[in-house]
1. List the residue pairs whose Cβ atoms are under 9 Å apart, where the first residue sits in the stretch 46-73 and is open to solvent by less than 30 Å² (accessible area, probe 1.4 Å), the second is assigned to a strand (DSSP E or B) and among the acidic types (Asp, Glu), and the two are 6 or more positions apart or on different chains.
2. Hey, among the residues in the stretch 82-92 that are closer than 24 Å to residue 48 by Cα and either within 42 Å of the chain's Cα centre (by Cα) or touching a residue at least 40 places away in the same chain (Cβ under 8 Å) (or both), which one's surrounded by the fewest Cβ atoms within 10 Å (Cβ to Cβ)?
3. Return the only residue of 657, 684, 677 being at pLDDT 65 or above, β-branched (Val, Ile, Thr), open to solvent by less than 70 Å² (accessible area, probe 1.4 Å) and more than 37 Å from the chain's Cα centre (by Cα).
4. I'm told residue 693 meets every condition in (1) in a loop (DSSP other than H, G, I, E, B); (2) under 30 Å from residue 507 (Cα atoms); (3) modelled with pLDDT of 80 or more; (4) open to solvent by 30 Å² or more (accessible area, probe 1.4 Å) except one. Can you identify the failing condition by its number?
5. I'm trying to understand the selection: among the residues of the stretch 377-400, which are modelled with pLDDT of 95 or more and in contact with an Asp or Glu (Cβ under 7 Å, 6 or more places away or on another chain)?
6. Working only within the stretch 248-272, note down all residues that are assigned to a loop (DSSP other than H, G, I, E, B) and among the basic types (Lys, Arg).
7. When residue 264 is evaluated against the numbered criteria (1) in contact (Cβ under 8 Å) with a residue 24 or more places away in the chain; (2) under 29 Å from residue 426 (Cα atoms), which criterion, by number, is the only one it fails?
8. Can you name the condition, by its number, that residue 645 falls short on among (1) of a type outside the set (Val, Ile, Thr); (2) part of a loop (DSSP other than H, G, I, E, B); (3) modelled with pLDDT of 80 or more; (4) open to solvent by 80 Å² or more (accessible area, probe 1.4 Å)?
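The values are calculated or read from the model by the stated rules, or taken from the named source; none is laboratory data. Computed from a predicted model, the values in this text were never measured in an experiment. All Cβ positions, even for glycine, are placed from backbone atoms using ideal geometry, and neighbour counts span all protein chains on display. Only protein heavy atoms, including side chains, enter the accessible area calculation; ligands, DNA and RNA are left aside. Shrake-Rupley method; radii C 1.70, N 1.55, O 1.52, S 1.80 Å.
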Amino acid sequence: MLKKPFFLNKQFMLTAVCFLALSCQQVWAQAGSTGSSLTGIVTDEVQAVINGATVKIRNLTTNTERQVVADDFGNYVVQQITPGVYEVTISADGFKTQTTKLEVELGTVVKVDFSLGIGRVDDVVEVVASSTINKNKTESSENIDSGRIASLPINRRSFLDFTLTIPRAVADRLPAQGVSGTSGLSFNGQAGRYNNVSIDGVDNTDHYGGLIRTTFSQDAVQEFQVITDSFSAEFGRAIGGIVNIVTKSGGNDLHGSVFLLNRNDKISARDPFVAFRPPYSQYQFGSVLSGPIKKDKAFFFLSFERLTVQQNNVVTISDATVNAARRAGFSQVRNGAIPFSLGNSAFLARGDVKLSANDQFWVRYNGGFNYNGAYEPFGGSTDQTSSGTQRVEDNSLTLNNTYINPSANLVNETRFLYSRRRQDVTSSSGNTPEILLSSGDADSAFFGNQQFLPFNLGQNITQVVNNVSLSRGATQIKFGVDYQRISSPGNGAQLSQFSQGRYIFNPISLAAITGIPTAPSLTGLEAFDPNARNAAQRGFLMFLSGVLPNVLPGFPRNVPLADLGLPTIFLQGFGNPTVKVKANFFGAYIQNEFKIKPNFVVKAGLRYDINRIETSPDNNGNFSPRLGFSYNPNKLPKLNIRGSYGLFYGVPFIGFVTAGQRSNLQDPTKNNLNFLVTTLPFAVLPYATPTRNFPSGPTPPPGVTLLTQLGLQFS
């Protein structure tokens, strides 16, 4: 909960007053997260300004019209325009009317100047617009439009991969580990968890660990903008980059399409690590349908896409290690080509309605249903039993209302999001412990239950956004608020941490352990598999079975070391696996843009964010000033000099913070997270049990002591 409203903070009040005072200067349009701006000057043939000229724009897809009047200096500004193709008409008494067509891209400022000739208003002259798009931008950004999305080749039609074509954007190669994946994108060297991805101006980032929530077919994307740095105060909760996606809407014409893509092993190259061509098949199909519900009034857009993949990963564990694992009870371990499958379904439905000439409303539903049979990566020396199966259900409902008050030159956007996300990751090995067999050769292997599995997480996400844009001639100011609440349904999330135990088998030098120079050594495989030991090794281990109880108090007698695996280290976690996800994010901003000279623009903004996550310490919030400039020398029209300064804050990862709920040492009634850690020879004892571990639960079983010197207790 907010301890103090942001607007009562003295620093924020002083800054807001300064912005309102400065807004009396000449200001140019500021692009937003869901739209763009059109601006320019209307003059006559001798470059004298024409005041009172009428500027009308019409969306050629939906026939939606907007109209503004140029001020006394001939300046006009049309703000918050949705991306698309428009017809622009300029008329004034005593002058010929001009019309032109232009395309408006997301988040850009399109500058179009008009020079009207003397004549009658009904004399219409068609011209080709001479526009400068984002000539005065201070951020580093680039747009990926629907044409590039449709025409460029991309694997599995993952349109966000086009982000990698933009400078300073690279793939984040960190693999998914313990259900804590990332966005897969790194900007300016920042970690892939610190980005913010939005769809139609509402959040689409999973703040549990910084990954991207489920998206939809690329055919449903109008375009998206990627901002790699210096983004305006409207954007927050990121220190990496911003990916801003806008979906398509229907129009007056009926459109539809169907596609099918197939790949299989008959047309694919053979994997060089196997002697045969493993089975492989990929089917991807979908359809799009859009059109009018009522011409010029209401429209619909529908899309569906399905991806099914059946493929193989190659496990290179040696036959000797596979046989040893099976003798030890790990019957699922195998090598060679291991099959698994992927399946993703994505739906999107959007409806747009013109409530009035100045009031527009749309609603969108999108759902993603994903199955990944190899969510935890396997292959090479990692067996398939160390993998996991992921199932995700992600449903989102978004509403948007845009109200325009022409007389006040005001645009108000209100957005609402409700999303239910469910993620369930199960282990491929059941309840077996995790085994790390280290030999430094082909006998090395990794198999058994992955340390963070099983895992399940549910999130209910609610977000409310309101943005206001005010314009007085060439003066514009924009401000808004954003509130997001994330909570767990039911009993919360189930987070496992070494609940089934982990064993590490390393090469053992019995001479170094006992101080007897003639004592033999064991490789990692010989330490793991009693059948791999020779007579000398077995004889010495039988000797140790009788000696150890006398040397090590507490070590039981008659433990057949020669017939047991000898793990170097054993680790098992105990504690309540339930965590409750509960977070509140609040943000407010104000921004403006000052045109000091026609070729020199300064942009300024201030953002305030406060994050409240249960079990995370409170703070007073974060103030983020943003300042940038853009200079375009008159003598060098193709040169643009930009500079910027700002503070940018990310969001604490809910998953890592809420894990602290498992270690609340201030409340002794709660089961704290503890790790039992023991070494050879005591690590042999749990491995000798039928389940090869202690029963998992909130506390260790009776008689098992957590030694502070060897254990871990989280706080």
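1. That search, which allows pairs on different chains as well, returns 50/44; 57/65; 57/87; 59/65; 59/87; 62/352.
2. First, pick out the residues of the stretch 82-92 that are closer than 24 Å to residue 48 by Cα: 88-92.
Filter once more, so that each one left must be either within 42 Å of the chain's Cα centre (by Cα) or touching a residue at least 40 places away in the same chain (Cβ under 8 Å) (or both): 88-90, 92.
Details: 88: 23, 89: 17, 90: 26, 92: 22.
Checking each candidate, the answer is 89.
3. Unique residue meeting the criteria: 684.
4. Just one mismatch for residue 693, condition (4).
5. Across the stretch 377-400, the qualifying residues are 398, 400.
6. Selection gives 248, 270.
7. Residue 264 satisfies every listed condition except (1).
8. Among (1) of a type outside the set (Val, Ile, Thr); (2) part of a loop (DSSP other than H, G, I, E, B); (3) modelled with pLDDT of 80 or more; (4) open to solvent by 80 Å² or more (accessible area, probe 1.4 Å), the lone unmet condition for residue 645 is (2).
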